[in-house]
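Down below is the structure, laid out as structure tokens.
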Amino acid sequence: MTATEPLRLTAPLAGGTTIPLIGFGTWQLRGDDARQAVTWALSAGYRHLDTATMYRNEAEVGRAVRDSDVGFDEVFLTTKLPDDRADRARATLEASLTALGTDVVDLWLIHWPPDHGAGVSTWRDLVAARAEGLARAVGVSNYSLDQIDQLTRATGETPEVNQVKWGPTRFDRATYDGHRERGVVLEGYSPFRSGRLTDPVLTRIAERHGTGTAQVVVRWHLQHGVVVIPKSARRERIVDNVDVGGFALSEEEMAAIDAL
Ligand SMILES: NC(=O)c1ccc[n+]([C@@H]2O[C@H](COP(=O)([O-])OP(=O)(O)OC[C@H]3O[C@@H](n4cnc5c(N)ncnc54)[C@H](OP(=O)(O)O)[C@@H]3O)[C@@H](O)[C@H]2O)c1
């Protein structure tokens, strides 16, 4: 991999599309900070943007794409349905599309499972939206494997993606394997906040490769085939976080990070 190739790595989704393994997270970026950060991310080569109705930045994310020389067709866009809009799923997606300024998103997720059960009727709405062509792929976020199985049993449709909190201190072999067995792409969120970037194991590995611990964490996700969506409001970090093509983690290093 060269420095820019990691941004082109993808994973196949069960519905036939593909998802770039690296995306840009936009939670807590609002207003012009959001537009600016997404603009920097696009010029750094990110082609996958992660937003949500709840982040209240879809308009700025869409504006940044429109104002860039990168077309919507070149960017993988994810947005998410908040649980308090579960009874208005379709209208909420339409509002997301309007705010983003596009006719279709690449991935629409249920942001959180409901308090009880797995949200089967909401899941049917997501599957219907995909059938209608409003979302190219559909999935869930913050779901357990058991809740995913409940959706599959009730509808015959398995979420294509589950976006969960993931990182070196959250690695769990059973969860990892369980997603693979079900054909669900595991997408990790909060890669840096799920642990400490100052961890001595990460620091030692980073020093060995002449890189930073954030890059080691991103690279660890990629080598596991887990989607990673780091967020930063700072231009240099947006660029550096995905500068992960110049080194590879050994099997021993991967295992040491898994064990954190
Ligand atoms: N589905 C869900 O429920 C859910 C929940 C949470 C997050 N997410 C998604 O996942 C994305 C990423 O997660 P996140 O935003 O929670 O956290 P994150 O990407 O793990 O970490 C972001 C934090 O790390 C800092 N940071 C970034 N690069 C750094 C570096 N190289 N060195 C040191 N610090 C660095 C950022 O500060 P600066 O901005 O100052 O650089 C920010 O404080 C979100 O933006 C969102 O899209 C989804």
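Details
- Being under 15 Å from the mean Cα position of the chain (by Cα) and within 13 Å of the ligand (Cβ to nearest atom) is a property that holds for Val164.
- Residues being surrounded by 17 or more Cβ atoms within 10 Å (Cβ to Cβ), more than 8 Å from the ligand (Cβ to nearest atom) and either part of a loop (DSSP other than H, G, I, E, B) or not small (Gly, Ala, Ser) (or both) - total across the range 192-208: 4
- Tabulated pairs, the range 197-208, first more than 15 Å from Thr169 (Cβ to Cβ), second open to solvent by less than 60 Å² (accessible area, probe 1.4 Å) and of a type in the set (A, V, I, L, M, F, W, C), C-beta under 6 angstrom, 6+ apart or interchain: Ala206/Val216
- Flag for Thr79 being within 18 Å of the chain's Cα centre (by Cα), closer than 21 Å to Ala11 by Cα, hydroxyl-bearing (Ser, Thr, Tyr) and surrounded by fewer than 18 Cβ atoms within 10 Å (Cβ to Cβ): no
- Checked against (1) within 16 Å of the ligand (Cβ to nearest atom); (2) in contact (Cβ under 8 Å) with a residue 60 or more places away in the chain; (3) of a type outside the set (Val, Ile, Thr), Leu9 passes all but condition (1).
- Just one of the listed residues (Val161, Val216, Val138, Val226) is closer than 26 Å to Trp40 by Cβ and touching a helix residue (DSSP H, G or I) at 6+ places or on another chain (Cβ under 6 Å), and it is Val216.
For (1) within 11 Å of the ligand (Cβ to nearest atom); (2) in contact (Cβ under 8 Å) with a residue 40 or more places away in the chain; (3) touching a Gly at 6+ places or on another chain (Cβ under 8 Å); (4) not in a helix (DSSP H, G or I), each residue gets a yes or a no:
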residue: Leu151; (1), (2), (3), (4): no, no, yes, no
residue: Gln215; (1), (2), (3), (4): yes, no, no, no
residue: Leu222; (1), (2), (3), (4): no, yes, no, no
residue: Arg237; (1), (2), (3), (4): yes, no, no, no
residue: Val244; (1), (2), (3), (4): no, yes, no, yes
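- One residue stands out in the range 170-191 among those that are surrounded by fewer than 19 Cβ atoms within 10 Å (Cβ to Cβ) and outside any helix (DSSP H, G or I): the one that is nearest to the ligand (Cβ to nearest atom), namely Ser190.
- Residues (open to solvent by 60 Å² or more (accessible area, probe 1.4 Å) and under 28 Å from Asp32 (Cα atoms)) located in the range 227-260: Lys231, Arg234, Arg235, Glu236, Arg237, Val239, Asp240, Asp243
- Residues satisfying the stated conditions in the range 31-73, i.e. open to solvent by 30 Å² or more (accessible area, probe 1.4 Å), more than 18 Å from Val104 (Cα to Cα) and either within 16 Å of the chain's Cα centre (by Cα) or within 12 Å of the ligand (Cβ to nearest atom) (or both): Asp33, Gln36, Trp40, Met54
- Flag for His224 being open to solvent by less than 10 Å² (accessible area, probe 1.4 Å) and of a type outside the set (A, V, I, L, M): no
The values are calculated or read from the model by the stated rules, or taken from the named source; none is laboratory data. Bear in mind that the values here come from a model prediction, so they are computed numbers and not experimental data. No Cβ is skipped: glycine too gets one built from the backbone with ideal geometry, and neighbour counts run over all protein chains shown. Ligands, DNA and RNA are excluded from the accessible area calculation, which covers all protein heavy atoms including side chains. Shrake-Rupley method; radii C 1.70, N 1.55, O 1.52, S 1.80 Å.
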